[in-house]
Amino acid sequence: MALRTTGLSHDETLQALDDLKAHDVRWREGRAFTLTYHGGDDVVALAEQAYQRFSTENALNTEAFPSLRTIQAEVVDIALGWLDGPPGSAGFMTSGGTESILLAVKGSRERGRKERNITTPNIVLPTSAHAAFEKGCYYFGVESRRISVRDDWRADPDAMADAVDDNTVLIVGSAPQYPQGVIDPIEAIAAIALDRGISCHVDACMGGVILPYLARLGHAVPPWNFAVDGVTSMSVDLHKFGYTAKGASVIAYRTKQLRAYQTYVTDNWLGGVYGSSGILGTKSGGSMGAAWAVMNYLGDEGYLRLAASARRAAEELVAGVQARKMLSLRALPDTCLVTFGAAEDSGLDVFAVADALWRRGWFVDKQGPPASLHLTVNAVHDGKIPAFLADLDASIAEVIASAAADPATMGSYGTVE
Ligand SMILES: *Cc1c(COP(=O)(O)O)cnc(C)c1O
């Protein structure tokens, strides 16, 4: 579309945007099991107001905006508290989990180059580690060595140790990993890193905020953070279970020295000394202000309450999946990620089930291998699971009926557009 000659009015503009949203998933009603997290209308309203206050402010140079320097420092400190960051640990706010992970890959490559003269770096990671690591390897010229997970979907430390060589700069575990929602054996992975003197990143994009609260609620949480010797960096997304506005994550390091490998400074242009903490140049203060606001508004008690709600809903969903003969739960979730596929020999096309759910207004993720549905359960889903399960049953029945009418569609990916 071409830019209109005469602009719309304020009201027309906002109305046009609202019209565009007409067919979007209704996440405020708990209809999205991916992409959005909802800690309550009051939380969203506050995040939006805080975002407004800083949307034009720029964290590229905090000399001009000491407010953003303070906001970043305080947000990172709170995150380090969740991660059991030891004295001397440090971090930066980033735009999201992907940027945090890109920086961990870049920082470890830089560390390998400077401390060990490595020119053909590789990283060793389980097949379950997030796609952002693959992106980082692609961006920064690092070889990705993917090692199969065990039967319980957790990383296999022995096989990972075998894949480490003199050019390995980073070894990775997740707490939890995204696809099946289980926590990798972080102690064993970090022990390899300690033994070989390499960096170890724990991706807690999903678990970094909620795990401390699940532990306090009495759930068994295996060692997963900086309390484990050998873990050198961690990522935690605030725009997930931190329930803040999009564009907020933290990359944390055990020491400032490790953190220094991620930053970039140059004066090789006509614009003077240019330094940046992460990938971005101009960095919106909006997502930073919103994160600070939501964290201070919810406080420890708010996060404990939201963690209890999210976990209650996840457990209800798990029980619902286990009770349905056509479905097979992939793993008991260590947090609130629930993944299931078709029960063996059921012949059910779960991707077609996902499409049928979407026609009923529910959005879930399709993933594989193996073909599975992935649901990120959060506080908004507390109380919504019975309605979801009813529509899940209707969707399964619909898929079975249409497969009976046209057997050629069984188990095919043909319904995925
Ligand atoms: C969401 C997620 C990421 C990527 O984060 P984005 O904010 O989507 O860029 C990485 N790792 C895990 C485990 C995640 O859940």
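One table, with the values for the structure above:
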quantity	calculated
Check on V250, surrounded by 23 or more Cβ atoms within 10 Å (Cβ to Cβ), not in a strand (DSSP E or B) and not polar (S, T, N, Q)	no
Single residue of G91, G85 found to be closer than 26 Å to R216 by Cα, in a strand (DSSP E or B) and open to solvent by less than 50 Å² (accessible area, probe 1.4 Å)	G91
Single condition A227 does not satisfy, out of (1) on the phi < 0 side of the Ramachandran plot; (2) touching a helix residue (DSSP H, G or I) at 6+ places or on another chain (Cβ under 6 Å); (3) in a loop (DSSP other than H, G, I, E, B)	(2)
Yes/no for S199 being more than 16 Å from the ligand (Cβ to nearest atom) and closer than 20 Å to E99 by Cα	yes
Selection within the stretch 230-247 - assigned to a strand (DSSP E or B) and charged (D, E, K, R)	D237
Within the stretch 94-117, tally of residues that are assigned to a loop (DSSP other than H, G, I, E, B) and open to solvent by 10 Å² or more (accessible area, probe 1.4 Å)	2
Single residue of D355, D382 found to be in contact with a helix residue (DSSP H, G or I) (Cβ under 7 Å, 6 or more places away or on another chain) and not assigned by TED's automatic domain parsing to the domain that holds A131	D382
Residue among G218, G289, G208 that is within 16 Å of the ligand (Cβ to nearest atom) and either part of a loop (DSSP other than H, G, I, E, B) or small (G, A, S) (or both)	G208
Members of the stretch 357-388 found to be of a type outside the set (V, I, T) and either crowded, with 21+ Cβ neighbours inside 10 Å or closer than 14 Å to V321 by Cα (or both), listed by number	L357, W362, S372, L373, H374, L375, N378, A379, H381, P386, A387, F388
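Listed here are the residues, each with its yes/no results for (1) at pLDDT 95 or above; (2) farther than 24 Å from G281 by Cβ; (3) among the β-branched types (V, I, T); (4) within 16 Å of the ligand (Cβ to nearest atom).
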| site | (1), (2), (3), (4) |
| --- | --- |
| E57 | yes, no, no, no |
| E74 | yes, no, no, no |
| S100 | yes, no, no, yes |
| E110 | yes, no, no, no |
| N117 | yes, yes, no, no |
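The values are calculated or read from the model by the stated rules, or taken from the named source; none is laboratory data. Every value quoted in this text rests on a predicted model; they were computed, and no experiment measured them. Every residue, glycine among them, receives a Cβ derived from its backbone with ideal geometry; neighbour counts consider all protein chains shown. Note: accessible area is taken over every heavy atom of the protein model, side chains too, but ligands, DNA and RNA are not part of it. Shrake-Rupley method; radii C 1.70, N 1.55, O 1.52, S 1.80 Å.
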